[in-house]
1. When you scan the range 1-41, how many residues do you find that are polar (S, T, N, Q) and either under 15 Å from the mean Cα position of the chain (by Cα) or not in a strand (DSSP E or B) (or both)?
2. Give me the pairs: first residue in the range 43-58 and touching a residue at least 60 places away in the same chain (Cβ under 8 Å), second residue open to solvent by 40 Å² or more (accessible area, probe 1.4 Å) and charged (D, E, K, R), beta-carbon distance under 7 Å, and six or more apart or on different chains, which are they?
3. If you go through the range 100-121, how many residues are over 15 Å from C32 (Cβ atoms) and basic (K, R)?
4. Taking the range 64-99 only, how many residues are farther than 19 Å from L113 by Cα and among the aliphatic types (A, V, I, L, M)?
5. Given the structure, is G102 closer than 15 Å to I141 by Cβ and either modelled with pLDDT under 95 or under 17 Å from the mean Cα position of the chain (by Cα) (or both)?
Amino acid sequence: MRALIQRVSEASVSVDGDVIGDIGPGLLILICAMEGDSAAQADQMAAKISKLRIFRDDAGKMNRSVKDIGGSALVVSQFTLAADTRRGNRPGFSNAAAPELGRALYTRFADQLAALDVPVARGSFGADMQVALVNSGPVTIWMDSADW
């Protein structure tokens, strides 16, 4: 699985002009299931992100997790994180999981994150979504389970 994690002071996702998920301080997580990914990878990704220390402590160092600050997560599916840009000018997405698997792993990831005591708001899998955010820092982290 791939994730792009942004530390935010606020974020929201809308479909057809209606806000379907919003959070205050926390994490905007854009998530993509890749071909061959499993439930175990979704669980491991959720566990790692729930403990990721990217929020400032009293000394100003990135030493707190989203749980430590009482923050939330906005989880949005984004298959374009699977983009292969090695050839030509048009990205390929054949490495993304098939929609059925992608939906299942997206749901599994968000459910697991919630089970780890991180309040979760969600986008709508496969929908044309508009995401608004205020990136705090800015802090943006790329994570790929293939690197573990």
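The values are calculated or read from the model by the stated rules, or taken from the named source; none is laboratory data. This one's a predicted model, so the numbers in the text were calculated from it and none came from an experiment. Don't worry about glycine lacking a Cβ; one is built from the backbone with ideal geometry, like all the others, and counts go over all protein chains shown. Please note that ligands, DNA and RNA were not included when accessible areas were found on the heavy atoms of the full protein model with its side chains. Shrake-Rupley method; radii C 1.70, N 1.55, O 1.52, S 1.80 Å.
1. Step one: of the range 1-41, the residues polar (S, T, N, Q) are 6, 9, 12, 14, 38, 41.
Those still in the list that are either under 15 Å from the mean Cα position of the chain (by Cα) or not in a strand (DSSP E or B) (or both) too: 6, 12, 38, 41.
Residues in the range 1-41 being polar (S, T, N, Q) and either under 15 Å from the mean Cα position of the chain (by Cα) or not in a strand (DSSP E or B) (or both): 4 in total.
2. S50/K67
3. 0
4. So the count comes out to 6.
5. On the way: closer than 15 Å to I141 by Cβ: no; either modelled with pLDDT under 95 or under 17 Å from the mean Cα position of the chain (by Cα) (or both): yes.
Criteria not met by G102.
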